[in-house]
1. When residues of segment 46-63 are filtered for being touching a helix residue (DSSP H, G or I) at 6+ places or on another chain (Cβ under 6 Å) and assigned to a helix (DSSP H, G or I), how many remain?
2. Just wondering, is there one or more residues in segment 69-77 that are among the acidic types (Asp, Glu), surrounded by 10 or more Cβ atoms within 10 Å (Cβ to Cβ), in a loop (DSSP other than H, G, I, E, B) and at pLDDT below 95?
3. Could you list all residues from segment 48-62 that are under 13 Å from the mean Cα position of the chain (by Cα) and surrounded by fewer than 16 Cβ atoms within 10 Å (Cβ to Cβ)?
4. Give segment 1-45 a look and list any residue that's basic (Lys, Arg), assigned to a helix (DSSP H, G or I) and at pLDDT 60 or above, or say none.
5. List every residue pair whose Cβ atoms sit under 8 Å apart, with the two residues 6 or more apart in sequence or on different chains, where the first one lies in segment 59-78 and is on the phi > 0 side of the Ramachandran plot and the second, anywhere, is loosely packed, with under 14 Cβ neighbours inside 10 Å and of a type in the set (Lys, Arg).
6. Any residue in segment 25-52 that's closer than 12 Å to Phe66 by Cα: show its pairings with residues that are surrounded by 16 or more Cβ atoms within 10 Å (Cβ to Cβ) and of a type in the set (Lys, Arg) at Cβ separation under 9 Å, as long as the two are six or more apart or on different chains.
Amino acid sequence: MISGRMENWKNAIKFKECKWYQVCPMKTYYEQGRLDKKWIDMYCKGDWTNCVRYHMEETGQPHPDFMLPDGTLYDDLN
């Protein structure tokens, strides 16, 4: 029963924007045409619970602006 509730919770948040999106460099890079929309769809407005950037922000860990949501450092954004 608990696993069913957890799945419902994850589905409920899936289409809500990440709370950090408005200040996230990914938003800026996307708006500048430097980042593919798939990143925004998959993480920022998708399952942001799997975003490395989100978890680092939540725990106060520094991370570079050019780090993608999956944790990959993408020097082309630097």
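1. The total comes to 2.
2. The answer is no, given that none of the residues of segment 69-77 is among the acidic types (Asp, Glu), surrounded by 10 or more Cβ atoms within 10 Å (Cβ to Cβ), in a loop (DSSP other than H, G, I, E, B) and at pLDDT below 95.
3. Passing the criteria: Thr49, Asn50, His55, Met56, Glu58.
4. Within segment 1-45, Lys27, Lys37, Lys38 meet the criteria.
5. Note: no pairs meet the criteria.
6. What qualifies is Pro25/Arg53; Met26/Arg53; Leu35/Lys27.
The values are calculated or read from the model by the stated rules, or taken from the named source; none is laboratory data. Fair warning: this is a prediction, and the values are worked out from it, not measured in the lab. Here the Cβ is made from the backbone with ideal geometry for all residues, glycine too, and neighbour counts use every protein chain on show.
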